[in-house]
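Structure first, commentary second.
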Amino acid sequence: MANFIFAPMSKKVRVRFAPSPTGGLHLGGVRTVLYNYLFAKHQGGDFILRIEDTDQTRFVEGAEQYIFDCLNWCGLIPDESPVHSGAYGPYRQSERKEIYRQYAEQLVKQGNAYYAFDTPEELEQMRTAYKTEQNPSPQYDIHVREKMKNSLTLPADELERLLDEEARHVIRIKMPQGETVSFTDMIRGEISNETSLVDDKVLLKADGMPTYHLAVVVDDYLMKITHAFRGEEWLPSAPVHVLLWKYLFGLENMPQWAHLPLILGPTGKLSKRDGAKYGFPVFAMNWTDPKTNELTEGFREKGFLPEAFINLLALLGWNEGSEQELFTKEELIQKFSIDRVHKGGARFDFEKAKWFNHEWMKKLDAGRLMPDVKKVLNKKGIETNDDTVLEKVIGLVKDRCTLLPDFYEQAGFFFKTPEQWDVEAVKPKWNDDKKNFFIEYAGQLSQIINWELVELENAFKSLAAEKNIKPGELQLPLRIMLVGGKFGPPVFQIAEMLGQNETILRINKALELF
Ligand code: GLU
């Protein structure tokens with residue numbers, strides 16, 4: 001765990017989540033959002049959603065809406081975004097295209113970047129020509145740039161001519177030779193990189209669009225971002241970003257970075273197969289995931305509750321240092337601190353995820369669960385038109401449900417007469433005495449005026465005593481008559497909820513079968 005002291009924050013904390021709309025939002029992505037969000041809210045800061053859509057070739061239709069919907073579902077609502085607006089917009093990089101060129105040109109003027117005119121064929125030739133066993137995929141870097149067609153190598157007049165003609169070109173960063181670029185990561189501490197090992201990344205593409213590297217730095221500056229949590233896959237790019245900050249805006253204005261560790265599966269890296277099995281996207285996408293080529297089910301479809309989902313995500317890499325595992329969003333905001341985020345990869349365990357959901361089922365009240373349960377039941381063809389009844393039913397069974405679809409099995413029988421009865425569970429101990437008991441009991445039930453639990457239970461017990469049968473032996477058959485199987489809440493509560501007619505009807509119907 002990190003233990004670094006940072007200067008007190010004088011500026012208002014502003015964090016951003018900056019996804020590219022190229023596919024679904026997965027476990028790791030939402031955890032990044034969550035840590036940004038919790039950190040900002042803990043400090044009374046702002047959470048900004050910026051869409052990084054400068055790579056038009058990777059754009060996936062619908063992916064941006066999907067991101068908005070996911071954040072909404074998780075309850076992580078941005079203060080500023082393409083849909084929430086704000087003072088630093090636009091919040092979609094494709095709409096900010098005009099902003100970036102001046103910064104790229106400034107870098108060229110300062111000698112920190114250069115124009116490169118190489119065609120795709122010339123780049124390909126370079127890769128073949130410089131390929132060696134030690135260097136199987138040569139990059140456009142300090143060793144190669146002198147041999148390529150760029151503003152560092154071309155004679156001045158030819159360069160001028162090409163620029164006048166608006167010849168197709170990109171702008172590349174000129175990585176300095178032999179420098180060490182360092183920054184302090186909030187989780188990992190001091191991180192240093194040798195500049196000669198990093199290639200001359202493209203900053204501005206031939207179509208005038210910035211690459212991620214330029215856009216992220218310019219926008220973090222213009223949007224006054226103070227802290228940035230992102231996945232550790234961005235660590236190799238960090239030296240480029242630090243240099244761009246140094247050249248353009250001064251390192252003192254650079255956000256503090258925190259690179260979050262990977263989320264691991266039970267046996268190592270989370271695989272695609274794990275994803276298909278456990279539903280790593282937040283919810284199903286209505287396009288096939290370009291990465292897996294499959295329609296994937298997400299956490300929402302599997303029946304996770306957003307309260308449980310953000311709780312379990314928060315604990316994938318952070319802990320409060322106590323035994324407590326269940327946290328509301330408000331508690332997380334209050335307790336989250338960066339110095340308790342782990343440096344090592346966190347393990348995702350699906351069984352543990354289900355445990356969180358079950359705990360949240362118990363914790364939440366029936367009214368909160370009602371809209372979700374209604375959807376589950378409606379999908380199975382069960383209409384529920386009395387909310388008071390439904391709320392009571394949910395209260396009775398929610399502790400038995402782990403995932404939302406469990407409500408169909410656990411609550412469906414309240415609204416629909418069973419189609420099958422577990423006759424086998426009753427048969428071995430079934431006899432005429434029991435049969436007569438139930439015939440008589442059904443008769444007594446029809447006489448009851450106040451249909452209340454105590455009345456039903458008392459009648460049952462007295463009749464059992466009169467017939468000299470242990471009530472315990474009669475309860476299982478009654479349960480199977482009413483429910484169809486060996487499960488559910490206490491049986492007289494079920495009868496009370498079902499009402500007089502339905503209870504008697506089910507007893508009679510089952511009697512024919514037993
Ligand atoms: N657009 C980048 C991504 O898709 C954002 C990385 C960052 O947060 O700097 O992950």
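Computed values, structure above
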| quantity | calculated |
| --- | --- |
| Cβ pairs under 9 Å, 6+ apart, first in the range 328-355 and without any contact (Cβ under 8 Å) to a residue 24 or more places away in the chain, second assigned to a helix (DSSP H, G or I) and of a type in the set (S, T, N, Q) | Thr328/Asn311 |
| Options Gln106, Gln102, Gln134; residue that is under 19 Å from Lys224 (Cα atoms) and either touching a Lys or Arg at 6+ places or on another chain (Cβ under 9 Å) or not aromatic (Phe, Trp, Tyr) (or both) | Gln102 |
| Qualifying residue in the range 340-347 (condition: modelled with pLDDT of 95 or more and either at positive phi or surrounded by 18 or more Cβ atoms within 10 Å (Cβ to Cβ) (or both)) | no |
| Test: residue in the range 207-215 that is within 15 Å of the ligand (Cβ to nearest atom) and either out of contact with any helix residue (DSSP H, G or I) (no Cβ under 7 Å at 6 or more places or on another chain) or of a type in the set (Val, Ile, Thr) (or both) | yes |
| Of all residues in the range 23-36 being of a type in the set (A, V, I, L, M, F, W, C) and within 13 Å of the ligand (Cβ to nearest atom), the one that is modelled with the highest pLDDT | Val33 |
| Answer from Glu455, Glu424, Glu409 - the residue that is closer than 23 Å to Met370 by Cβ and assigned to a helix (DSSP H, G or I) | Glu409 |
| Restricting the range 442-452 to residues that are outside any loop (DSSP other than H, G, I, E, B) and among the aliphatic types (A, V, I, L, M), the residue that is surrounded by the most Cβ atoms within 10 Å (Cβ to Cβ) | Leu445 |
| Given (1) more than 16 Å from the ligand (Cβ to nearest atom); (2) within 24 Å of Arg50 (Cα to Cα), number of the condition Ala129 does not satisfy | (2) |
| Matching option when the condition is away from the ligand (no atom under 15 Å from the Cβ), within 19 Å of Asp141 (Cβ to Cβ) and either in contact (Cβ under 8 Å) with a residue 40 or more places away in the chain or buried (at least 18 other Cβ atoms within 10 Å of the Cβ) (or both), among Ser192, Ser196 | Ser196 |
| Residue within the range 171-187 that is among the aliphatic types (A, V, I, L, M) and surrounded by fewer than 19 Cβ atoms within 10 Å (Cβ to Cβ) present | no |
| Count - residues of the range 320-334 that are surrounded by 15 or more Cβ atoms within 10 Å (Cβ to Cβ) and in contact with a His (Cβ under 8 Å, 6 or more places away or on another chain) | 1 |
| Test: residue in the range 130-142 that is more than 22 Å from Pro210 (Cα to Cα), of a type in the set (Gly, Ala, Ser) and either in contact with a helix residue (DSSP H, G or I) (Cβ under 7 Å, 6 or more places away or on another chain) or surrounded by fewer than 11 Cβ atoms within 10 Å (Cβ to Cβ) (or both) | yes |
| Answer residue from the range 299-322, given it is more than 15 Å from Lys375 (Cβ to Cβ) and small (Gly, Ala, Ser) and is modelled with the lowest pLDDT among those | Gly321 |
| Meets criteria (acidic (Asp, Glu), within 12 Å of the ligand (Cβ to nearest atom) and either at pLDDT 95 or above or closer than 18 Å to Glu52 by Cβ (or both)) for Asp219 | yes |
| Residues of the range 226-245 satisfying the condition of being over 14 Å from Leu214 (Cβ atoms) and either within 11 Å of the ligand (Cβ to nearest atom) or surrounded by 15 or more Cβ atoms within 10 Å (Cβ to Cβ) (or both) | Thr226, His227, Ala228, Phe229, Arg230, Gly231, Glu232, Glu233, Trp234, Leu235, Ala238, Pro239 |
| Unique residue being modelled with pLDDT under 95, in contact with an Asp or Glu (Cβ under 6 Å, 6 or more places away or on another chain) and within 16 Å of the ligand (Cβ to nearest atom) when the list is Pro261, Pro281 | Pro261 |
| Glu496 being in a helix (DSSP H, G or I), crowded, with 16+ Cβ neighbours inside 10 Å and of a type outside the set (A, V, I, L, M) | yes |
| Scope the range 348-365; condition part of a helix (DSSP H, G or I) and surrounded by 17 or more Cβ atoms within 10 Å (Cβ to Cβ); matching residues | Ala353, Lys354, Phe356, Asn357, His358, Glu359, Trp360, Met361 |
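Every residue, every condition in (1) more than 10 Å from the ligand (Cβ to nearest atom); (2) touching a Pro at 6+ places or on another chain (Cβ under 8 Å); (3) without any contact (Cβ under 8 Å) to a residue 60 or more places away in the chain, yes or no:
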position: Arg16; (1), (2), (3): no, no, no
position: Pro21; (1), (2), (3): no, no, yes
position: Leu38; (1), (2), (3): yes, no, no
position: Lys41; (1), (2), (3): yes, no, no
position: Glu52; (1), (2), (3): no, yes, no
position: Asp55; (1), (2), (3): no, no, no
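For (1) at positive phi; (2) assigned to a loop (DSSP other than H, G, I, E, B); (3) of a type in the set (A, V, I, L, M, F, W, C); (4) touching a strand residue (DSSP E or B) at 6+ places or on another chain (Cβ under 6 Å), each residue gets a yes or a no:
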| residue | (1), (2), (3), (4) |
| --- | --- |
| Tyr37 | no, no, no, yes |
| Thr57 | no, no, no, no |
| Val60 | no, yes, yes, no |
| Tyr66 | no, no, no, no |
| Trp73 | no, no, yes, no |
| Pro78 | no, yes, no, yes |
| Ala87 | no, yes, yes, no |
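The values are calculated or read from the model by the stated rules, or taken from the named source; none is laboratory data. Because the structure is predicted, anything quoted here is derived from the model rather than measured. Using ideal geometry, Cβ is built from the backbone for each residue, glycine included, and neighbour counts are taken over all protein chains shown.
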